[in-house]
Amino acid sequence: MKVGIVFESMFGNTEKMAGEVAEGLSDAGADVTLMEVIHAVAGDARGCDLLVVAAPTHALSLSRPQTRADAVARGASPAEATTGVREWLGSIDDLDWTESTRPRVAVFDTKVEKARHWPGSAARRIARTMTKAGFAVVARTSFYVEDVKGPIVAGEPERARLWGRHLAEILQSTDAASP
């Protein structure tokens, strides 16, 4: 079972959670590749059984150039501000996908805990975009940080590893159900 995880992370929180999800998937026997969005190309998803896409929630959705510039003003690395998941998703339709090359998709975001019940979510936006592009989204969740810069809320790394194992179970059960 081959899994690619594409993530955007301005302060390192989403990257840490992507690593935890990857660990859970690896523990379940998956071959996992982590790809920072600034280095990923849509074609990297070819050959994957599952593509996990992760991003921080900025202004109730995916980051934009202005929200990334705001993050840099708050101390994020300027190198992280060049490309986000929003732009990467724009390139996903540029490939000729077929049923056999289109991986299943899982998405997550990181959000500030005090915004837990707010309606906006980067994960929701990613899921809608991937579904519109013809991908089957099999799971979506949010992980929480205490503030924009972090730290990650206690218990969230463990929950991310469990979610990774759950994703592996989803893959195994759907593979077993296939003729």
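Contact order, relative form, for the chain: 29 percent (alpha carbon pairs under 8 Å, 6 or more residues apart, mean separation divided by residue count).
Taking the Cα centre of segment 28-77 as origin and assigning +1 to Lys and Arg Cβ atoms and -1 to Asp and Glu Cβ atoms, the resulting dipole is close to 280 debye.
Ranking Ile170, Leu62, His39 by Cα position along the charge dipole of segment 2-177, where only Lys, Arg, Asp and Glu carry charges on their C-beta atoms, puts Leu62 farthest toward the positive end. Scanning residues 5 or more positions from Val112 or on other chains, those with amide H under 5 Å from its amide H are Val145, with H placed 1.01 Å from N in the peptide plane. Here's the picture: charge each Lys and Arg Cβ at +1 and each Asp and Glu Cβ at -1 in segment 3-74, and of Cys48, Val72, Met17 the one pushed furthest to the positive end of that dipole is Val72. Sorting 113-120, 89-96 by their mean Cβ neighbour count within 10 Å, with the most densely packed peptide first, gives 89-96, 113-120.
Figure legend: label point modelled 7 angstrom from the Cα of Arg46 along Cα→Cβ; residues of segment 84-100 with amide N under 17 Å from it are 91-100. Ellipticity at 222 nm from helices only: DSSP H runs of n ≥ 4 in the chain, each -39500 (n - 2.57), divided by the residue count, give -11000 deg cm²/dmol. With each label modelled as a point 7 angstrom along the Cα→C-beta vector, the Arg74-Asp27 pair spans 3.0 nm. What the phi angles of segment 121-133 give under the Karplus curve with 6.51, -1.76 and 1.60, with θ = phi - 60°, is a coupling list of 6, 5, 4, 4, 5, 4, 4, 4, 5, 5, 5, 4, 7 Hz, glycine and proline written as x. Rounded to the nearest 20 debye, the dipole magnitude of segment 56-179 is 380 debye, with +1 charges on Lys and Arg beta carbons, -1 on Asp and Glu beta carbons, and the Cα centre as origin. With a Cα cut-off of under 25 Å and a minimum spacing of 8 residues unless on different chains, the lysine pairs in the chain number 8. Phi angles across segment 90-105 convert, under the Karplus curve 6.51 cos²θ - 1.76 cosθ + 1.60 with θ = phi - 60°, into 3J(HN,Hα) values of x, 8, 5, 6, 6, 9, 7, 8, 10, 4, 6, 9, 8, x, 6, 10 Hz, Gly and Pro given as x.
Bear in mind these aren't lab numbers, they're just calculated from the coordinates by the rules spelled out. This is a predicted model, so every value here is computed, not measured. A quick note on method: Cβ atoms are made from the backbone with ideal geometry, for glycine too, and the neighbour counts reach across all protein chains shown.
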